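Remarks on the structure that follows.
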Amino acid sequence: METAQPKVIKIHQGKIYQQSDLVLQNIDFELGDKEFVYLIGKTGTGKSSFLKTLYGELNLAEGEGSVAGFNLRKLKRRDVPMLRRKLGIVFQDFQLLTDRSVKANLFFVMKATGWVDKKAMENRALEVLKLVGLEHKLNTKAFALSGGEQQRVSIARALLNRPKLILADEPTGNLDSETSEEIMMLLRAVANEENSAVVMATHDMTMVEKFPGRVIRVKDGGIQEVQSIDRFDPFTPFSAH
């Protein structure tokens, strides 16, 4: 008999606060290996707070929760870097060191997460850049890259530690529609290649329709799974199903 694989994310009856303000409550959410989930909802509903809780920036105030084997209720400050080694994080604004080369950006993260073998670092940097089609930009300064290229480097950076989970916060938010589509195709492909699960916060319903996946909606202080995204008009308020 097969034993069930542990979930990459498992939260039961969770509550999240920003300082003293309750942001989300009654959170019940699970994510399995290699699953791709969209997190949708209006600005200010708590999408980013949910992601921040998953990578240890905010506490899970109540309930039970685990991410990549780490208990969120028992997570100490000193444990957060260890948790983040199991994660890859992709931001809307890329968060690259723009005055440094692509290689230096990747090395910065590797050193911060405990890599010491220079040869292994060079090999892994080249591997992840090949995955995103930018191996020829290894020594290019980040500021000289286009927005789409910077986001590709950001994805490469997220893959460095072979994460069990990639968290992407509006990764196409600063890109035009054609580049957004390329980034979505890339994110789906590399996550599959690296066997990573993905939680992607987005307000871009076009991408959700073009690249189907599980959809979780953040609304009214809670989260719920949405069954039929194709029936939605993104310009009208979501109604409960």
By residue number, the members of segment 42-61 that are under 23 Å from residue 173 (Cα atoms), over 16 Å from the mean Cα position of the chain (by Cα) and surrounded by fewer than 20 Cβ atoms within 10 Å (Cβ to Cβ) are 42, 43, 44
State all residues of segment 160-172 that are more than 13 Å from residue 39 (Cβ to Cβ) and not aliphatic (A, V, I, L, M); if no residue qualifies, say none. 161, 162, 163, 164, 172
Quick check on my filter: what residues within segment 80-126 are in a helix (DSSP H, G or I), modelled with pLDDT under 95 and among the charged types (D, E, K, R)? 84, 85, 111
Residue under evaluation residue 75, criteria (1) surrounded by fewer than 19 Cβ atoms within 10 Å (Cβ to Cβ); (2) farther than 30 Å from residue 174 by Cα, criterion not met: (1)
Do we have residue 121 as free of Cβ contacts under 8 Å to residues at least 24 places away in the same chain and under 25 Å from residue 199 (Cβ atoms) here? no
Across segment 135-153, which residue is farthest from residue 108 (Cα to Cα) among those that are hydrophobic (A, V, I, L, M, F, W, C) and surrounded by fewer than 19 Cβ atoms within 10 Å (Cβ to Cβ)? 144
Restricting to strands (runs of 3 or more DSSP E) lying wholly in segment 157-230: which have 3 or more residues that are under 23 Å from residue 121 (Cα atoms) and modelled with pLDDT of 90 or more? 165-169
Under the condition of being among the acidic types (Asp, Glu) and not in a loop (DSSP other than H, G, I, E, B), which residue from segment 1-52 is farthest from residue 212 (Cα to Cα)? 21
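The values are calculated or read from the model by the stated rules, or taken from the named source; none is laboratory data. All figures in this text were calculated on a predicted structure; none of them were measured in a lab. As a convention, Cβ positions derive from the backbone with ideal geometry for all residues, glycine included, and neighbour counts pool all protein chains shown.
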